[in-house]
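Participant: Have a look at this one.
The values are calculated or read from the model by the stated rules, or taken from the named source; none is laboratory data. Everything numeric in this text was worked out from a predicted model, so none of it was measured. When we count neighbours, we look across all protein chains shown, and the Cβ atoms used for this are built from the backbone with ideal geometry, even at glycine. Heads up: the accessible areas ignore ligands, DNA and RNA and are worked out on the full protein's heavy atoms, side chains in. Shrake-Rupley method; radii C 1.70, N 1.55, O 1.52, S 1.80 Å.
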2 protein chains.
Amino acid sequence: MATSKPKPAKADAASPSSRVELKERTRLRLIEPALTLIGQGRGYSSLSLREITREAGVVPAAFYRHFRDLDELGLALVEMGGVTLRHLLREARRDGLSPTDMLRTSVLIYKRYVEERSLVFRFLAGERGGGSPVIRQAIRTEESHFASEMAQDLRALGTLPDLSSPALHMICGLVVTTMLNAASDILDLPKGRPKQEQELVDNFVHQFRVVFLGARFWRER
Amino acid sequence: MATSKPKPAKADAASPSSRVELKERTRLRLIEPALTLIGQGRGYSSLSLREITREAGVVPAAFYRHFRDLDELGLALVEMGGVTLRHLLREARRDGLSPTDMLRTSVLIYKRYVEERSLVFRFLAGERGGGSPVIRQAIRTEESHFASEMAQDLRALGTLPDLSSPALHMICGLVVTTMLNAASDILDLPKGRPKQEQELVDNFVHQFRVVFLGARFWRER
DNA sequence: TAGTCCAGTAAACATGTGTTCACTCGGATA
DNA sequence: TATCCGAGTGAACACATGTTTACTGGACTA
């Protein structure tokens with residue numbers, strides 16, 4: 001039940017006092033409901049400007065103070081997704097990897113990470129393949145950066161030391177697509193079905209095992 | 001420029017004479033523009049009933065003679081996608097696989113197949129992860145069937161004979177997601193850039209090599 | 001041949017849509 | 001203190017949307 005709130009917006013939340021501060025605040029207030037709506041199973045391309053502004057508690061015209069059109073809002077979402085991915089890598093880097101069963105623990109950590117940021121990942125997983133070409137392209141770029149960083153990290157860790165850089169990048173690409181695929185599956189998990197959950201995690205772990213097994217035996221040429 | 005065509009619809013195309021024949025025909029005439037619009041880079045969830053009927057040369061109300069709502073149309077598209085996938089497997093089965101460089105030739109065949117049915121694959125790749133939960137779920141089911149059939153075929157061919165059935169299925173799942181991912185990439189290839197095209201095919205081939213390499217060395221437990 | 005059925009029509013409905021415009025009114029600045 | 005700037009307002013616009021309703025006319029069938 002989407003309740004309409006004709007509240008005056010200004011008086012909302014903590015008063016930001018500063019002007020740029022206010023602008024940034026409302027910008028976020030526009031981004032947030034967009035993400036929420038997508039999280040509720042709506043395609044990005046089906047969102048309407050009025051719907052978003054309504055949910056943000058702002059008049060439609062105010063939208064244009066922040067974005068030229070919906071696509072620009074979409075790109076902001078992609079940017080946010082990119083930040084989320086980078087943050088994930090940063091955390092992984094910090095934690096290092098436990099020697100035993102590290103693949104499984106990585107998967108579990110990833111699962112948790114996805115669930116805690118379900119909206120962003122729903123957006124990424126959803127718009128990655130479809131919808132508007134411009135944002136699909138943007139997501140692809142973020143993915144590529146993510147893969148590059150991951151390759152770099154693996155290199156630094158001494159994992160798969162025999163692989164050439166292109167080969168490593170190619171494998172990281174495979175890992176990334178598998179991850180985002182899994183994200184979609186994770187988010188669609190019905191709650192309170194630990195068996196199904198377990199199955200999904202296992203499947204995910206096994207797939208990764210296969211990939212890294214293949215990577216270990218990879219020979220150039 | 002979407003030209004509106006207020007043509008009387010009845011007089012369109014070859015006169016179907018039979019009544020059920022007519023109904024089936026218009027049903028297809030509704031499905032077709034939906035696919036086309038999606039192929040033009042529109043998310044499924046952004047399609048409107050009126051847009052579709054307009055493009056089909058039919059009055060909006062006529063839509064309800066064929067589908068309860070847009071979701072039902074979407075499911076018809078998924079069904080069509082499923083048929084396309086099954087057909088792909090059937091072809092692969094018929095052709096068998098040449099012993100030399102069979103992975104690369106498979107990829108090239110697949111690429112061609114995707115390009116020739118670009119609309120269906122754009123739909124599958126696009127709605128697989130996002131948009132409406134109901135059609136996302138439906139696509140997932142088709143994918144799973146596809147993976148099962150593929151596993152069965154590999155079994156019959158004697159490929160990877162040491163793998164248990166669950167393991168084989170899990171690997172086919174990985175292959176399928178990789179394929180559909182690649183479909184999206186293939187469809188976004190800018191025309192007349194053979195270098196980029198070559199790169200993508202190579203990357204795709206290598207990823208598959210990694211997967212099958214991993215599969216060969218897979219041990220249960 | 002008379003009668004039924006039903007795919008497609010035409011019109012109307014209540015809403016929802018993107019975009020524009022002149023406006024206000026409070027923080028920033030000189 | 002007086003001025004300016006610009007984030008957010010409110011109203012209006014010209015359409016587009018989903019759905020319903022009574023209808024028409026040709027293919028079927030008894």
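Participant: Please state, rounded to one decimal and in Å, the Kirkwood hydrodynamic radius that the stretch B:73-216 gives when every pair of distinct Cα atoms enters the mean of 1/r.
Facilitator: Numbers: mean 1/r = 0.0632 Å⁻¹.
After inverting the mean inverse Cα-Cα distance, the result is 15.8 Å.
Participant: Just to be sure I understand: chains B and A are related by a rotation, so which residue of B has its Cβ closest to that axis, and how close in Å?
Facilitator: B:GLY214, 2
Participant: Compare A:GLY57, A:GLY74, A:GLY82 in a GNM of chain A, Cα atoms joined below 10 Å, and give the one with the largest fluctuation.
Facilitator: Highest fluctuation of the listed residues: A:GLY57.
Participant: Also: Within the protein assembly as shown, count lysine pairs with alpha carbon atoms under 26 angstrom apart where the residues are 8 or more positions apart or belong to different chains.
Facilitator: Lysine pairs meeting both conditions in the protein assembly as shown amount to 10.
Participant: Compute the relative contact order of the stretch A:19-65 as a whole-number percentage, counting only Cα pairs closer than 8 Å that sit 6 or more residues apart in sequence.
Facilitator: On the way: 22 pairs, mean separation 15.9, N = 47.
Reported as a whole number, the value is 34 percent.
Participant: Next question. Considering the Cα positions of the protein assembly as shown, please state its Rg to one decimal place and its Dmax as a whole number of Å.
Facilitator: My reading of the Cα-based Rg and Dmax gives 23.6, 73 Å.
Participant: Measuring nothing but label to label, 7 Å from Cα along Cα→Cβ, what are A:VAL83's distances to the other copies in nm, shortest first?
Facilitator: From this label point to the equivalent ones elsewhere in the assembly: 4.7 nm.
Participant: Please express the shape of the stretch B:52-118 as an equivalent ellipsoid: the semi-axes are the square roots of 5 times the eigenvalues of the C-alpha gyration tensor, given largest first in whole angstrom. Show your work: numbers first, answer last.
Facilitator: Values: eigenvalues 281, 29, 12 Å².
Ellipsoid half-lengths, sorted descending, are 37, 12, 8 Å.
Participant: For the stretch A:19-65, what Kirkwood radius comes out of the mean inverse Cα-Cα distance, in Å? Don't jump to the answer; show the numbers that get you there.
Facilitator: Numbers: mean 1/r = 0.0923 Å⁻¹.
Every distinct Cα pair counted, the radius reaches 10.8 Å.
Participant: If you don't mind, another one. May I ask you to give the solvent-accessible area per residue for the stretch A:101-182, in square angstrom, as obtained with a 1.4 angstrom probe?
Facilitator: Numbers: 3190 Å² over 82 residues.
With the other protein chains kept in place, the stretch A:101-182 gives 39 Å² per residue.
Participant: Turning to a different aspect of this structure: Need one number: nm distance between label points at B:SER106 and A:ALA61, each 7 Å from Cα along Cα→Cβ, rounded to one decimal.
Facilitator: Rounded to a tenth, the inter-label distance reads 6.1 nm.
Participant: Could you pull the copy-to-copy label distances for A:ARG193, with points set 7 Å along Cα to Cβ, in nm to one decimal and sorted shortest first?
Facilitator: Its label point is 4.1 nm from the equivalent points in the other copies.
Participant: Test of understanding: in a Gaussian network model of chain A with alpha carbons linked when under 10 Å, which of A:THR159, A:THR141, A:THR178 would top the mean-square fluctuation ranking?
Facilitator: Judging by the Gaussian network model, the answer is A:THR159.
Participant: Ok, one more. Between A:VAL83 and B:GLU91, what is the label-to-label distance in nm when each label sits 7 Å out along the Cα-to-Cβ direction?
Facilitator: Here the answer is 4.5 nm between the modelled labels.
Participant: With θ taken as phi - 60° and the coefficients 6.51, -1.76 and 1.60, list the Karplus ³J(HN,Hα) couplings across the stretch A:75-89 in order, rounded to whole Hz; mark glycine and proline as x.
Facilitator: 5, 4, 5, 4, 3, 4, x, x, 4, 4, 5, 4, 4, 4, 4
Participant: Calculate the mean, over all residues of peptide A:132-138, of how many other protein chain Cβ atoms lie within 10 angstrom of the residue's Cβ. Spell out each step's value before the answer.
Facilitator: Working: counts 4, 4, 1, 0, 6, 1, 0.
The per-residue average across the peptide is 2.
Participant: Can you work out the base-10 log of I(q)/I(0) for the stretch B:79-128 at q = 0.22 1/Å, using the Debye formula on its C-alpha atoms alone?
Facilitator: -0.82
Participant: Using the Cα centre of chain B as origin and beta-carbon charges of +1 (Lys, Arg) and -1 (Asp, Glu), tell me which of B:PHE146, B:LEU47, B:LEU160 is placed farthest towards the positive end of the dipole.
Facilitator: Farthest towards the positive pole: B:LEU47.
Participant: For chain B, what's the relative contact order in percent, using C-alpha pairs closer than 8 Å and at least 6 residues apart?
Facilitator: Details: 163 pairs, mean separation 46.0, N = 221.
Once divided by the residue count of chain B, the mean separation gives 21 percent.
Participant: With a Förster radius of 30 Å, plug the Cβ-Cβ distance of B:THR36 and A:SER118 into 1/(1 + (r/R0)^6) and report the FRET value to the nearest 0.05.
Facilitator: In this case the efficiency is close to 0.35.
Participant: Which value at 222 nm does chain B reach when only helices count, each DSSP H run of 4 or more adding -39,500 (n - 2.57), with the total divided by all residues and rounded to the nearest 500 deg cm²/dmol? Walk me through the numbers before you get to the answer.
Facilitator: Working: 8 runs with 151 residues, N = 221.
Taken over chain B, the calculation gives -23500 deg cm²/dmol.
Participant: Chains A and B: how much accessible area gets covered up at their contact, both sides added, probe 1.4 Å, in Å² to the nearest hundred? Write down the numbers at each step before the final one.
Facilitator: Values: alone 13300 and 13290 Å², together 23640 Å².
Roughly 2900 Å² of accessible surface disappears when A and B pair.
Participant: Separate question: Step through the residues of the stretch B:165-173 one at a time and calculate ³J(HN,Hα) from phi using the Karplus curve (6.51 cos²θ - 1.76 cosθ + 1.60, θ = phi - 60°), rounding each to whole Hz and writing x for Gly and Pro.
Facilitator: So the Karplus estimates, Gly and Pro as x, are 4, x, 4, 4, 4, 4, 5, 4, x Hz.
Participant: If I model a spin label as a point 7 Å beyond the Cα along the Cα-Cβ vector, how far apart are those points for B:SER148 and A:ASP153 in nm?
Facilitator: 3.7 nm
Participant: Put +1 on the Cβ of each Lys and Arg and -1 on the Cβ of each Asp and Glu in chain B; which of B:VAL59, B:LEU73, B:SER132 then has its Cα farthest toward the positive end of the dipole?
Facilitator: In chain B, that residue is B:VAL59.
Participant: Of all the accessible heavy-atom surface of the protein assembly as shown, with the other protein chains kept in place and a 1.4 Å probe, what percent is carbon and sulfur? Walk me through the intermediate numbers first.
Facilitator: Numbers: 13010 of 23640 Å².
With neighbouring chains kept in place, the figure for the protein assembly as shown is 55 percent.
Participant: Sticking with this one: Could you calculate the contour length gain from A:ASP71 to A:LEU22, that is, 0.36 nm times the residue separation minus the distance between their Cα atoms, to one decimal place in nm? Before the final figure, lay out each step's value.
Facilitator: Working: separation 49, 0.36 × 49 = 17.64 nm, distance 2.26 nm.
Contour length minus Cα-Cα distance gives 15.4 nm.
Participant: How far, in nm to one decimal, is B:LEU157 from itself in the other copies if the label point is set 7 angstrom along Cα toward Cβ? Shortest first, please.
Facilitator: 3.3
Participant: What is the average number of partner chain Cβ atoms found within 10 Å of a Cβ in B:36-42? Could you put the intermediate results ahead of the total?
Facilitator: Values: counts 0, 0, 2, 0, 1, 7, 5.
Mean shielding by partner chains, rounded to a whole number: 2.
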